[in-house]
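What follows is calculated from the coordinates using simple rules that are stated; it is not laboratory data. Note that this is a predicted model, so its numbers are computed, not measured. We place every Cβ from the backbone using ideal geometry, glycine too, and count neighbours over all the protein chains shown.
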Amino acid sequence: MIKSILLSVDGSVYTEAQVKFTVALCKAFDAKVTILSIVDVRIFEWAVVMGTDGFVPVIPSNIYKEESKKILEAKAEAVLAKCADIFTKERVAFDYEKINGSPSDIILEKLPLVDLLIMGVRGEFAKWRKTLVGATLDAVMRQWNKPMLITPKKFKKISNILVAYDGSEKSNKALQIVGYFATQLKAEITILTAHDIPKMREKILNEAAAYLKPYNLNVKLIGTTGIPEKEIIRISQDEGFDLIVMGAFGHSRIREAILGSTTEQVVRNADIPLLLSK
């Protein structure tokens, strides 16, 4: 059950969709949201280090640092004010907080206090890093151990959920959050597994269907072959799903180092929200 949501916002082009998804989930779950805006102090630290340790040492003036900090502080406050106005109009319970520090560290400090984290797939520098996930998101999603919703640039109502299931412990754990989301959102579910052996595909799919049977949901099954991350993206796009759900980082660090992470590839290439279960 989800009753407390943490929404981390930075005022980027992804923030509007984050807010809309949060409003929809708060209403569906009767949950409260904490809106968090972080002034990244590392910017000032980097400016000092790069200035004094560079090829031509330059020491940033105190005026530069103070003015830059004022701008970031003002932006964070404006973002919070706009979010507060939206949640007030939508009659969603909320509180908000502005904190100075390292974004990933601060978000992870909030872990014991919430049931769900919502972040945009990219942040303020998305314009220059369109094919990469945000650095803060990458750091957080590897350490966060509760459900985490990663949102794209555009909002769409969630009514058709694709569940990537491979029979592993982490993907099995994801079925519980799937059952809850689908029940509260009145959404349909499709279970997808990619395996080269037909009998294994059937076994894995039947296992997932059996788990979800007590939820009395509309569940469809899709079995396919090929590379899992590519199949997840292909089918999510071809069939017009609104949400992908999967267990996060189910492979060993060695496999990830050699072949890359399925989770990372899906996060990077999905154009719909992704719900990660840990």
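Structure notes:
- Neighbour-count order for 72, 274, fewest beta carbons within 10 angstrom listed first: 72, 274
- DSSP beta bridge pairing in the range 145-278, given as percent antiparallel to the nearest 5: 15 percent
- Anchor residue 153: aspartates and glutamates whose Cα lies under 16 Å away (excluding residues fewer than 8 positions away in-chain): 10, 16, 124, 242, 271
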